Each structure stands twice: as structure tokens, then as C-alpha cells.
Amino acid sequence: MTTPAYEDDNIFAKILRGEIPAVKLYEDDDTLAFMDVMPQAPGHLLVIPKSPSRNLLDADPDTLAKTIPVVQKLAKAAKTAFGADGVFIAQFNEPAAGQTVFHLHFHVIPRHDGQDLKPHTGGMEDVKVLQANAEKIRAAL
Ligand code: AMP
């Protein structure tokens, strides 16, 4: 089966166009990083390329080459900000693999020894908590 076409009514495209808010962490010409509204652990953030692709399967390799260094940058900052023991990077392709938003994104999740993750797309976090956690990550960038 081929990858379906990109559709620009997805929620991350709306964030990129400024149509809905996001708790932003980092932005450059090619990428944006912001807090995940349903964090699986404190500090859970997302990194997205600005150029449109549905997921990894239809992404331009040049886009990936620009995005991964930003994933690394945010992973280091999130690890420092939360004193984490490790960082989990996740990326889902198509509904069968758990993808729910169809604009390529990388999850960056600080991990602590012995602490389980909350479920994927579980409960919404209070925006004040997201803002406080974002402040810690920005300070570590
Ligand atoms: P997935 O497509 O399965 O990799 O997951 C999409 C992720 O986007 C989930 O972790 C959601 O919590 C998150 N999410 C959905 N809507 C928003 C939003 N408006 N702002 C930030 N994160 C979101």
C-alpha cells in the first residue's frame, strides 16, 4: 500500500500556520519544537519539520537531515532540564503503528529509571504545567 497524500488540515499544520496555539520551545527556518499536550512523562515534546510530509515514509531525506539535529538538540535539553536518566525518541507511521496526527513528528520524552510512561494520547495536561516544563527546557537549550 502506498502512503496516502499529505492533508494540510491536520493539527500540526494548523500550529505551523498560527491557527491554533502551542507551547513553543524552539523554532528555526525548517523546524518547530513544542510541548505535547498529552505528555507521557513531564517534558514530553514534539519536533516537526515545517515542510509537509505525512510521516517518515513520504519525507524528503533533506527534511530528515535538517530535523534530526534539532531532535538531538531538544533531547539533550530535555534530559538536562528534567535530570533524566535517558531520553526516549518515538515516531509512528500510519494508524497501524499508532500515528494519530498526520504531519511528520518526533516524540522526545525524558525517562527516569523505574518510572513507567503514561499511555500514548492519554489525558490532557494543564497548560500552566506545560508552560512551566517548557520554561525548564528553554533554559537548558
Ligand atoms: P502520534 O501521531 O500518535 O505520534 O501522536 C500525536 C501526538 O500529538 C500525541 O502525543 C498527542 O498528545 C499530540 N498532540 C495532539 N494534538 C496536539 C496539540 N494541539 N498540541 C500538541 N500536541 C498535540
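The values are calculated or read from the model by the stated rules, or taken from the named source; none is laboratory data. These numbers were taken from a predicted model, which means no experiment stands behind them. Cβ placement follows ideal geometry from the backbone for every residue including glycine, while neighbour counts extend to all protein chains displayed.
Output yes when any residue across segment 78-99 is over 23 Å from LYS14 (Cα atoms), basic (Lys, Arg) and in contact (Cβ under 8 Å) with a residue 12 or more places away in the chain, and no when none is.
Yes, because at least one residue in segment 78-99 is over 23 Å from LYS14 (Cα atoms), basic (Lys, Arg) and in contact (Cβ under 8 Å) with a residue 12 or more places away in the chain.
Name every residue in segment 105-116 that is within 20 Å of ALA132 (Cα to Cα) and near the ligand (Cβ under 9 Å from one of its atoms), in order of residue number.
Correct list: HIS107 only.
Rundown of residues vs (1) in contact with a His (Cβ under 7 Å, 6 or more places away or on another chain); (2) closer than 20 Å to ALA22 by Cα; (3) surrounded by fewer than 17 Cβ atoms within 10 Å (Cβ to Cβ), yes/no style:
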| residue | (1), (2), (3) |
| --- | --- |
| MET38 | no, yes, yes |
| GLY43 | no, yes, no |
| ILE48 | yes, yes, no |
| ASP60 | no, no, yes |
| LEU74 | no, yes, no |
| ARG111 | no, no, no |
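Does segment 33-40 contain any residue that is among the small types (Gly, Ala, Ser) and either within 12 Å of the chain's Cα centre (by Cα) or over 17 Å from TYR6 (Cα atoms) (or both)?
There is at least one residue in segment 33-40 that is among the small types (Gly, Ala, Ser) and either within 12 Å of the chain's Cα centre (by Cα) or over 17 Å from TYR6 (Cα atoms) (or both).
I want to confirm something. Restricting to segment 76-107 and keeping residues that are part of a loop (DSSP other than H, G, I, E, B) and either modelled with pLDDT under 95 or aromatic (Phe, Trp, Tyr) (or both), which single residue is nearest to ALA5 (Cα to Cα)?
Only one residue fits best here, namely PHE102.
Go through segment 43-53 and give me each residue that's within 14 Å of the ligand (Cβ to nearest atom) and either in contact (Cβ under 8 Å) with a residue 60 or more places away in the chain or farther than 26 Å from ALA140 by Cβ (or both).
GLY43, HIS44, LEU45, LEU46, VAL47, SER53
Out of everything in segment 76-104 that is among the small types (Gly, Ala, Ser), more than 16 Å from the ligand (Cβ to nearest atom) and within 22 Å of GLY122 (Cβ to Cβ), what residue ends up being surrounded by the most Cβ atoms within 10 Å (Cβ to Cβ)?
ALA81
Of the residues that sit in segment 17-32 and are free of Cβ contacts under 8 Å to residues at least 60 places away in the same chain and among the hydrophobic types (A, V, I, L, M, F, W, C), which one is nearest to GLN72 (Cα to Cα)?
LEU32
Which one of these does HIS120 not meet: (1) under 26 Å from THR3 (Cα atoms); (2) modelled with pLDDT of 95 or more?
HIS120 satisfies every listed condition except (2).
Scan segment 1-37 for residues that are more than 13 Å from the ligand (Cβ to nearest atom) and touching a strand residue (DSSP E or B) at 6+ places or on another chain (Cβ under 7 Å) and jot them down.
TYR26, ASP30, THR31
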